[in-house]
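Asker: My questions all concern the structure below.
Where a number appears in this text, it was derived from the coordinates with a stated rule and is not lab data. Because the structure is predicted, anything quoted here is derived from the model rather than measured. Don't worry about glycine lacking a Cβ; one is built from the backbone with ideal geometry, like all the others, and counts go over all protein chains shown.
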There are 2 protein chains.
Amino acid sequence: MVLGRRWVLKHHFHGHPKPEDFELVEEELPALKDRQIRFHSLYLSVDPYMRPYTARMNPPFTMIGSSVAEVEESRHPDFKVGQTIVLMAGWMERGVVSPDTMGKDSPGKTLGGVMPAPDLGALSKSLLLGACGMPGNTAYFGLLEICKPKAGETVVVSGAAGAVGSLVGQIAKIKGCTVVGFAGTDDKCAWLRSIGFDHAFNYKKSDVAESLKTAAPKGVDCYFDNVGGEMSIAVLNAMNTRGRAAICGAISHYNEVGGYSKTTDILPLCIFKELMVEGFLVGRWAGPRWVEGIKAMAGWVAGGQIKVKETTVEGFAKMPQALMGLFTGENTGKMLVKA
Amino acid sequence: MVLGRRWVLKHHFHGHPKPEDFELVEEELPALKDRQIRFHSLYLSVDPYMRPYTARMNPPFTMIGSSVAEVEESRHPDFKVGQTIVLMAGWMERGVVSPDTMGKDSPGKTLGGVMPAPDLGALSKSLLLGACGMPGNTAYFGLLEICKPKAGETVVVSGAAGAVGSLVGQIAKIKGCTVVGFAGTDDKCAWLRSIGFDHAFNYKKSDVAESLKTAAPKGVDCYFDNVGGEMSIAVLNAMNTRGRAAICGAISHYNEVGGYSKTTDILPLCIFKELMVEGFLVGRWAGPRWVEGIKAMAGWVAGGQIKVKETTVEGFAKMPQALMGLFTGENTGKMLVKA
């Protein structure tokens, strides 16, 4: 008999995620059927998207999310015992899944199913949830394909010390841009400067518009947004004609109750500056291009051009705390849980 | 001695344009220098853009705008007496200009200077300010190059009975789309249906979201926006994944005092629907492409595929009333003044 633990989301979040929204369930795992595998998670991911995504689902359910895991038992010819996989099985410490049918309704099999882990060589497998996984591809494709930064341009990143933002800024530096980041503590800003950001501002202390007058005197060409709300309005106001904004996240709104709050309408601004604002989900690049992103990111990390920081919470029992920490700014770089 | 009349904007508008914002000046015109021409306007244009544009200029100045005119006297080899021209000389009944140096600071020489009128054959020269001029190209390029509608898709147009909106809907029909328009009176909606719009709603009587449930049951793929504000939020909420919005105008905001009013933040919506929202000014297509648009539009108008309506105010003395009428919905189709 093998026991597995998983976290269930009991009801929709109301405001910030709270411990009582979750229940830890321990149960006997079923015996494997044909083409099933049993895994145990090594690292589990918590990401801001989980807050708005679950609002459109029907609780109770196993809390959503991806993990890096090891195959413990296999009745599937493509998966061997001991093999490392990346899968979207939710907050499960140990579980049984059917790789063939998993994730059919997800943006892409690559994101929604079970993927043999790409070989990262000497790099930590935890990166498969960060720089060399979904957040890495979010930064890579979102910046390069939507903002299309050119050398010499100025790129602004909000949520710059997060899993995605910290990568976006470094990719923009590799592409020859001036990079300005906004984050929520002085320590995070110091770290951003240490990894190559030209400017980093603590938005809790500095006015965004004023900061950009200093840091982006020629105006902003590209904006990679993880935050939304009035901070984004201020950045959009500082953009040059034909500027491009990739809208990746809106964490400032996610825990609002009673609908997202109002902000200055950006539509008139879009007209007179001819701005292009595009939201995206990384599943757009699922399929053949997924590995392109992972390989590029892994190359830059291995070569030292991209520095990675992780905030690791120890113990599967602390999954809710890790998620909650995302919204109070407790992570620098990727937040993950070591099971 | 030749007298000329022109309208001066005395100070910035505050709220809606009012008669006392303008002064009609009559003055003796100077004798022509080398490479100058004297013209008299046949038709003058009033357009919503004039309201926000003048807010960024320093009054007093001759009120901005374009006209179709006839050359009365010429010391420029490229312009002959009696020739029809389109020029951006502002609200001048009769004036003297230097074609070589005019409009250097404008989006493009084509828009900002003096252009020999394209030959429209049997069509009215007034169309050079509408379907076969700047509004025509705004509709043509804005819809085709930014929204990129595909046959079978659903296109929504706000300000649909205006100079630009009424053309956008008809171009979308030519391209095989289902077209939904929003306008401000029942009569305008009836006209829109008569020229081929599949659905037209009076936004003063119909809830936008509810209307779209009926008219766009498969969701909205393209949005051509002349209005902004909460109407646009409602349309964006009805869009399909990867929808495209061309932001051409925001007339609902232009007369607001103390900054544009707040609306629901569209950034989270952009993310989860992966929307692309792009503002544009038609000057982007100044230069060689300008004539492409004019020719295409003139061909459709001459061939009857595009129906044109003009609201003509008689008399140069009524320029301010014509402009004011744009913001109270007095025009159907292009609003212009016959001098």
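Asker: Arranged by the count of other C-beta atoms within 10 angstrom, fewest first, what order do B:SER67, A:SER166 take? Don't skip to the answer; put the middle values down first.
Answerer: Numbers: B:SER67 27, A:SER166 30.
Least crowded to most crowded, the residues run B:SER67, A:SER166.
Asker: Shortest first and in nm to one decimal, what separations exist between A:ASP119 and its copies in the other chains, measuring from label points 7 Å along the Cα-to-beta-carbon line?
Answerer: 7.1
Asker: Can you tell me how the range A:134-282 classifies by the Cα gyration tensor, rounded, prolate or oblate, using a/c under 1.5 as the rounded cut? Mind dumping the intermediate values first?
Answerer: Numbers: a/c = 1.22, a/b = 1.12, b/c = 1.10.
Rounded.
Asker: Now for a separate question. Taking a label point 7 Å out from Cα toward Cβ, give me the nm distances from B:PRO60 to the same spot in the other copies, shortest first, one decimal.
Answerer: 7.7
Asker: Estimate the FRET efficiency between A:GLU230 and A:GLU20 by the formula 1/(1 + (r/R0)^6), using the beta-carbon distance for r and 30 Å for R0, to the nearest 0.05.
Answerer: Working: r = 31 Å, r/R0 = 1.03.
Taking R0 as 30 Å, the efficiency between A:GLU230 and A:GLU20 is 0.45.
Asker: Pull up the cross-link candidates among the lysines for A:LYS205, meaning alpha carbon to alpha carbon under 21 Å and not fewer than 8 places away within one chain.
Answerer: In chain and number order, the partners are A:LYS188, A:LYS213.
Asker: A follow-up question, please. Which residue, B:GLY258, B:GLY103, B:GLY219, has the most motion in a Gaussian network model of chain B that connects Cα atoms within less than 10 Å?
Answerer: B:GLY258
Asker: Between A:ASN237 and B:ARG289, with labels modelled 7 Å along Cα→Cβ, what's the label distance in nm to one decimal, could you check?
Answerer: Each label point is offset 7 Å from its Cα along the Cβ direction, giving 3.1 nm.
Asker: Which lysines does B:LYS295 reach when only Cα atoms under 20 Å apart count, and residues fewer than 8 places away in its own chain are ignored?
Answerer: Cross-link targets: B:LYS109, B:LYS125, B:LYS148, B:LYS173, B:LYS175, B:LYS307, B:LYS309, B:LYS334.
Asker: Could you please state, rounded to a whole Å, how far the C-alpha centre of the range B:285-301 is from the C-alpha centre of the range B:156-222?
Answerer: So the two Cα centres are separated by 24 Å.
Asker: For B:LEU123, project a label point 7 Å along Cα to C-beta. Then give me every residue of the range B:311-339 with its amide nitrogen under 18 Å of that point.
Answerer: The answer is B:311-312, B:333-337, whose backbone nitrogens lie closer than 18 Å to the label point.
Asker: In a GNM of chain A with a 10 Å cut-off on Cα contacts, which of A:LEU269, A:LEU323, A:LEU128 has the highest mean-square fluctuation?
Answerer: With Cα springs under 10 Å in chain A, the top fluctuation among A:LEU269, A:LEU323, A:LEU128 is at A:LEU269.
Asker: What does the copy distance list look like for A:LYS204, label position 7 Å along Cα→Cβ, in nm and ordered from shortest?
Answerer: List, nearest first: 5.0 nm.
Asker: Okay, moving on. Could you check the simple spin-label distance between B:LYS307 and A:THR328, using points 7 Å along Cα→Cβ, in nm with one decimal?
Answerer: Once both label points are built, they end up 6.4 nm from each other.
Asker: Now a separate question. For the range B:31-68, list residues with backbone N below 17 Å from a point placed 7 Å from the Cα of B:VAL2 toward its Cβ?
Answerer: B:31-43, B:67-68
Asker: Just A:LEU29, A:LEU42, A:LEU144 to compare: in a GNM of chain A, with alpha carbon springs under 10 Å, which one fluctuates most?
Answerer: A:LEU29
Asker: While we're on this one: Could you calculate the FRET efficiency of B:ARG56 with A:LYS10 from 1/(1 + (r/R0)^6), where r is the beta carbon distance between them and R0 is 41 Å, rounded to 0.05? Show your work: numbers first, answer last.
Answerer: Working: r = 54 Å, r/R0 = 1.32.
Efficiency, from the Cβ-Cβ distance: 0.15.
Asker: For the range B:223-240, take each phi angle, set θ = phi - 60°, evaluate the Karplus expression 6.51 cos²θ - 1.76 cosθ + 1.60, and give the result in whole Hz per residue in order, putting x for glycine and proline.
Answerer: Residue by residue, the range B:223-240 yields 10, 10, 10, 10, 10, x, x, 5, 4, 5, 4, 4, 5, 4, 5, 8, 7, 7 Hz.
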